[in-house]
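Data block below; observations after.
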Amino acid sequence: MKRFFYLLLSASLLVSCTKVKGPEFRQIGHFRVKSVDLSAATIGFQVTYFNPNNFGVTVKEAAVDIYADSLFLGKFVQDSSVQVSKSSEFSIPLAGPVPLSTVLKLDLKNLPTRNILLRVDGSVKVGKAGIFVNQPVHYSGMHRLDEIKIRL
């Protein structure tokens, strides 16, 4: 019995020492206007990633700053925890207020038909079995609003 225990312990140590791979960005989508008042519009969307690891985790918290063409739109936070399965795609729902004064600074006339540089900087808290660590999030990419479906 002791031999089996040591063999099991050795095997689990070898598996746990494999290099953990970071999630691979897939897409941004499912944009929607959640609410509008006189000072801000609350925007929601999902960021989809692929988990290349052979184990699942929980994404507990996310907070990111979002920029459109170098203009700070606001801080967006995760709506709810997300369970991530091994070797699968997963989406993180984010939401945050964008001041209407900021929206007016964008080139609204050409906004739907031109490329916009979206930049995201922040962190997510991921973990397993009650142990969570903060991981940095950095993304930069060109997007067109006419290719993104926006729901009101």
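Just so you know, all these numbers are worked out from the coordinates, no wet-lab data involved. On a predicted model such as this, the values are computed, not experimentally measured, just so you know. Using ideal geometry, Cβ is built from the backbone for each residue, glycine included, and neighbour counts are taken over all protein chains shown.
Sort the stretch 20-151 into rounded, prolate or oblate with this rule: let a ≥ b ≥ c be the square roots of the eigenvalues of the Cα gyration tensor; rounded if a/c is under 1.5, and if a/c is not under 1.5, prolate when a/b is larger than b/c, oblate otherwise.
Verdict is prolate for the stretch 20-151.
Among I28, H143, P97, whose Cα lies farthest out toward the positive end of the dipole of the stretch 20-151, if unit charges sit on the beta carbon of Lys, Arg (+1) and Asp, Glu (-1)?
I28
Mind listing the phi-derived Karplus ³J(HN,Hα) values for the stretch 57-69, rounded to whole Hz, using 6.51, -1.76 and 1.60 with θ = phi - 60°, and x for any glycine or proline?
The phi angles translate into 9, 10, 9, 8, 9, 9, 9, 9, 9, 10, 10, 10, 6 Hz.
If the only charges are +1 at each Lys and Arg Cβ and -1 at each Asp and Glu Cβ, what is the size of the charge dipole of the stretch 20-151 around the Cα centre, to the nearest 20 debye?
180 debye
Exposure proxy check: S91, S123, S39 ranked by fewest other beta carbons within 10 Å?
S39, S123, S91
With a point put 7 Å past each Cα toward its Cβ, work out how far A63 is from I131 in nm, to one decimal.
2.4 nm
Tabulate in residue order the Karplus-calculated ³J(HN,Hα) for the stretch 72-82, using 6.51 cos²θ - 1.76 cosθ + 1.60 with θ = phi - 60°, rounded to whole Hz; enter x for Gly and Pro.
For the stretch 72-82, the Karplus-derived couplings read 5, 8, x, 9, 10, 10, 6, 6, 7, 5, 10 Hz, x marking Gly and Pro.
With unit charges on the beta carbons (Lys and Arg positive, Asp and Glu negative) and the dipole taken about the Cα centre of the stretch 20-151, which residue among V47, V120, S88 sits farthest to the positive side?
The residue sitting farthest along the positive end of the dipole is S88.
Using a Förster distance of 41 angstrom, determine the FRET efficiency expected from the C-beta separation of S85 and V36, and round it to 0.05.
It comes out at approximately 0.70.
With the crude spin-label approximation of a point 7 Å out along Cα→Cβ, what separation in nm comes out for L106 versus Y139?
Calculated label separation equals 1.6 nm.
Could you list, in their original order, any pairs among K86/K128; K75/K105; K34/K86; K60/K86 whose Cα atoms are separated by more than 21 Å?
Going by Cα-Cα distance, K34/K86 fall outside the 21 Å limit.
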